[in-house]
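Okay, so here's the structure we're looking at.
The values are calculated or read from the model by the stated rules, or taken from the named source; none is laboratory data. None of the values given here were measured: they were computed from a predicted structure. Here the Cβ positions follow ideal geometry from the backbone for every residue, glycine too, while neighbour counts run over all protein chains shown.
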Amino acid sequence: MKTPKQVLVVDDRPEEVDTLLTYLRRQGWRVEYASSGEEALQKVKADPPRTCSSAIGICRE
């Protein structure tokens, strides 16, 4: 069985990424979501994704 592609989506506005998360899942991606830069770094260390999508201003913390 083929391993699904993995993406980490990072955005502090979950209401704005819901459509993206749904689309990626329907396309066969295994999607992880983080709502802060700190949470994203923890997820990357625990299970590095194949790719990452981030909001431009997420690193303002």
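Summary of values
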item	result
Extreme residue, surrounded by the most Cβ atoms within 10 Å (Cβ to Cβ), among residues of the range 43-56 that are within 12 Å of the chain's Cα centre (by Cα) and in a helix (DSSP H, G or I)	Lys43
Residues within the range 4-19 that are part of a helix (DSSP H, G or I) and farther than 11 Å from Tyr33 by Cα, tallied	3
Filtered residues of the range 21-37 (kept if at pLDDT 90 or above and part of a helix (DSSP H, G or I))	Leu21, Thr22, Tyr23, Leu24, Arg25, Arg26
Tally, over the range 1-37, of residues that are surrounded by 13 or more Cβ atoms within 10 Å (Cβ to Cβ), among the aliphatic types (A, V, I, L, M) and without any contact (Cβ under 8 Å) to a residue 24 or more places away in the chain	3
